[in-house]
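Worksheet for the structure shown next.
The values are calculated or read from the model by the stated rules, or taken from the named source; none is laboratory data. Quick caveat, the model's predicted, so the values are computed rather than measured. Cβ coordinates were reconstructed from backbone atoms using ideal geometry, including for glycine residues, and neighbour counts include every protein chain displayed.
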């Protein structure tokens, strides 16, 4: 790890020294401001009578029969020559859950990083950025389903460190970096993680494949290794497919190794510009209890996307089913007795 970190820093230093060109004389840059706002209503059909039994085990929608604010997000991106700075702030429960290890103002920082691109093929980035792992992202306006899947909820949210992105051709690129343990903006004395990605794209750009990796020690000194695959394909102008598969192993210090895995398929259909449908089916295997379930879970989600200018309204029906009882019925008090549950969500996301 130390050798890799030293190599990356050395390359950055040499590029800065030998790239004394017109960029240093440039006084004008470009600033872009983007943002989003989202809110939702969720009703679980078990109609739980207290806040402990909402039957929600995924991120950002832990409520029942309540209108909820998601997140107000504002992103500033300033580029001058070969240098870029990004500040991406989020406020609300969604942002707080995304930065669950942070306190105070750190919890509002979704992303904050600086980048230097000595050429069109290489870019170095240092700071905090959203994870490269997985199909879904934290911003509700980008996802076609409003609720999140289990792989997102129990995978990385973000990384803080340094990375190098390399584009070797129009069909292939890769990323390698060193970061704090997953989801920690600050991690003094902690061992660092290795992160990486391979990106393949077909000549017509209709199929993209990403092979992602995160590995190293977590904050409890357990050894973590996660491999993740994302594939997207545009079949026609109206139909596209997405796939996400992941496997993660965890070996506590002095203990035995355990693992979880997941696989999800996304079918996206857009018959016209104002309406679309997405069906998501996910199988999440956690028999070893790495995510705390000790059982396997299947979820199916059908979401509509109604577009009104920059506003997307997302009516959604979701069914979660487990191999063992992990859900509560309306009469349950002390322990779960149901193997499945259903929910309705009405989400609204606006971007600018």
Conditions (1) within 20 Å of the chain's Cα centre (by Cα); (2) surrounded by fewer than 17 Cβ atoms within 10 Å (Cβ to Cβ); (3) under 14 Å from residue 57 (Cβ atoms) -> residue 299 fails only (2)
Looking only at the stretch 143-170, count every residue that is in contact (Cβ under 8 Å) with a residue 12 or more places away in the chain and under 23 Å from residue 115 (Cα atoms) and tell me the total.
14
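Could you say which residue among 262, 294 is modelled with pLDDT of 95 or more, touching a strand residue (DSSP E or B) at 6+ places or on another chain (Cβ under 8 Å), exposed (fewer than 15 other Cβ atoms within 10 Å of the Cβ) and under 30 Å from residue 222 (Cα atoms)? Spell out the reasoning first.
Working: 262 fails: exposed (fewer than 15 other Cβ atoms within 10 Å of the Cβ).
Just one listed residue meets the conditions, 294.
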From the list 102, 88, 77, pick out the single residue that is part of a strand (DSSP E or B), under 18 Å from the mean Cα position of the chain (by Cα) and either on the phi < 0 side of the Ramachandran plot or surrounded by 16 or more Cβ atoms within 10 Å (Cβ to Cβ) (or both).
88
Residue pairs qualifying under the 7 Å Cβ cut-off, at least six apart or on distinct chains, with the first in the stretch 182-193 being in contact (Cβ under 8 Å) with a residue 24 or more places away in the chain and on the phi > 0 side of the Ramachandran plot and the second being surrounded by 16 or more Cβ atoms within 10 Å (Cβ to Cβ) and in a loop (DSSP other than H, G, I, E, B), are 183/101; 183/156; 183/157
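So that you can scan it fast, the table gives a plain yes or no per residue for (1) under 30 Å from residue 249 (Cα atoms); (2) touching a helix residue (DSSP H, G or I) at 6+ places or on another chain (Cβ under 9 Å):
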{"site": "76", "(1), (2)": "no, no"}
{"site": "87", "(1), (2)": "no, no"}
{"site": "91", "(1), (2)": "no, yes"}
{"site": "94", "(1), (2)": "yes, no"}
{"site": "107", "(1), (2)": "yes, yes"}
{"site": "110", "(1), (2)": "yes, yes"}
{"site": "121", "(1), (2)": "no, no"}
{"site": "140", "(1), (2)": "yes, yes"}
{"site": "153", "(1), (2)": "yes, no"}
